[in-house]
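Since the structure comes first, as structure tokens, the remarks are kept for the end.
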Amino acid sequence: MREQPTSPIQFLTKEESADINAALLSSEEKFITRLTISSWRLLQIIAGQLEIPLSELTHKQIVAWFEQDGKIRREQGKNAAVLKW
């Protein structure tokens, strides 16, 4: 597994957010669009850390990645983890 990036990760850019806000979508559709783009970006990070193509990423690898990121957060603090919550 690759090392965690040291700079904060932006899951949704200001431009993407503005484009979503300007789109002719309902509030619910805007929410799911934001969630989808953010999730896609996180899946790219996970695949990159596992050094596999995104298309080969499995649900078990995703679950294991979340377990590992949670362990890092608990043991090293939230700044050491990818997800900062």
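Loop sites here are trypsin sites (Lys or Arg not before Pro) outside DSSP states H, G, I, E and B with no more than 12 other Cβ atoms within 10 Å. The longest part of the chain free of them is 3-83. Simple spin-label estimate for GLU75 and THR36 gives 3.7 nm between the two label positions (7 Å along the Cα-to-Cβ direction from each Cα). Estimated purely from DSSP H runs of n ≥ 4, each contributing -39500 (n - 2.57), the mean residue ellipticity at 222 nm for the chain is -20000 deg cm²/dmol once divided by its residues.
Test of understanding: in a Gaussian network model of the chain with alpha carbons linked when under 10 Å, which of ALA47, ALA22, ALA64 would top the mean-square fluctuation ranking? Answer for the Gaussian network model of the chain: ALA22. Listed by chain and number, the lysines whose C-alpha is less than 28 Å from the C-alpha of LYS60, apart from same-chain residues fewer than 8 away, are LYS71, LYS78, LYS84.
The alpha-carbon positions of the chain define a convex hull whose volume is 111 Å³ per residue.
Only the coordinates and a few stated rules stand behind these numbers; no lab work does. Please read these numbers as outputs of a predicted model, since none were measured by experiment. All Cβ positions, glycine included, derive from the backbone under ideal geometry; neighbour counts span all protein chains shown.
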